[in-house]
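Have a look at the structure below, then the notes.
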Amino acid sequence: MDGKLTILLCEDDENLGMLLREYLQAKGYFAELCPDGEAGYKAFLKTKFDLCVLDVMMPKKDGFTLAQEIRAANAEIPIIFLTAKTLKEDILEGFKIGADDYITKPFSMEELTFRIEAILRRVRGKKNKESNMYKIGRFVFDTQKQILSIDGKQTKLTTKESELLGLLCAHANEILQRDFALKTIWIDDNYFNARSMDVYITKLRKHLKADDSIEIINIHGKGYKLITPEVEG
């Protein structure tokens, strides 16, 4: 694909799908268009994609189901959902699955490419960083490999989980300002991104529960604090 960044585009609206594919390719991406979730998963297994753009309401297999299958195979690949739904429950469901962003229809092509570029910049920047290890109580956290280890047990974190835990470690025993975390990781501090961050905080608490000396607490109106007797970076 001539070194181009590759995007898996799943959209059952034929006209919109073709328009999106042509626009993305005009912007220098390689975009493979699939009309349903089953075709999308088959394409995902055959090609190494850099990012997925998935419509939620698709025949044969919906976007949420497809995203879960993709996440099971690759925890790190960024996923953006496209949907006509604006219900908070649907948006939160997408973030629970591990979405990096969520765009409701109608949207502008410029908005989509802006969000794609923002996510890819963050991913590239992360890959370019030198290896960084944190010792958090009894845990060891490898930010580059996104692996959290304790007593020989390893947990592979998603990109969002790893980025958020990295920020908490960098501000251990201090307040991690909510707005700062949202703008650093989610780019925008809007309501839905804020709720998404709450979901990821809950996930991190579950990952860290094996060490009773570690706690992530809410600081009302300000943000979060990672309480730990030891953090070494």
Would you point out which residue out of 176, 182 is assigned to a helix (DSSP H, G or I) and among the aliphatic types (A, V, I, L, M)? 182
Residues located in region 31-61, provided they are assigned to a loop (DSSP other than H, G, I, E, B) and either touching a residue at least 40 places away in the same chain (Cβ under 8 Å) or closer than 12 Å to residue 5 by Cβ (or both): 47, 48, 49, 50, 57, 58, 59
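Residues are listed down the side, and each one gets a yes or a no for (1) at pLDDT below 95; (2) within 21 Å of residue 192 (Cα to Cα):
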site: 30; (1), (2): yes, no
site: 43; (1), (2): no, no
site: 64; (1), (2): yes, yes
site: 81; (1), (2): yes, yes
Given the conditions (1) farther than 25 Å from residue 15 by Cα; (2) charged (D, E, K, R); (3) modelled with pLDDT under 85, and given that residue 71 satisfies all but one, which numbered condition is not satisfied? (3)
For region 164-173, give me the residue count where each residue is among the hydrophobic types (A, V, I, L, M, F, W, C) and not in a helix (DSSP H, G or I). 1
Which is surrounded by 13 or more Cβ atoms within 10 Å (Cβ to Cβ) and part of a helix (DSSP H, G or I), of 204, 226? 204
Selected residue (criterion: surrounded by the most Cβ atoms within 10 Å (Cβ to Cβ)) from residues of region 62-106 that are without any contact (Cβ under 8 Å) to a residue 24 or more places away in the chain and among the hydrophobic types (A, V, I, L, M, F, W, C): 103
Looking at (1) among the small types (Gly, Ala, Ser); (2) part of a loop (DSSP other than H, G, I, E, B); (3) within 19 Å of residue 96 (Cβ to Cβ), which one does residue 28 not meet, given that it meets all the others? (3)
Say whether the condition of being of a type outside the set (D, E, K, R) and in contact with a helix residue (DSSP H, G or I) (Cβ under 7 Å, 6 or more places away or on another chain) is met by at least one residue in region 20-27. yes
Sole residue being over 19 Å from residue 93 (Cβ atoms) and touching a Ser or Thr at 6+ places or on another chain (Cβ under 8 Å), chosen from 33, 8: 8
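The values are calculated or read from the model by the stated rules, or taken from the named source; none is laboratory data. The model shown is predicted, which means the values in this text are computed figures rather than measured ones. Heads up, the Cβs are rebuilt from the backbone with ideal geometry, glycines too, and the neighbour counts pull from every protein chain shown.
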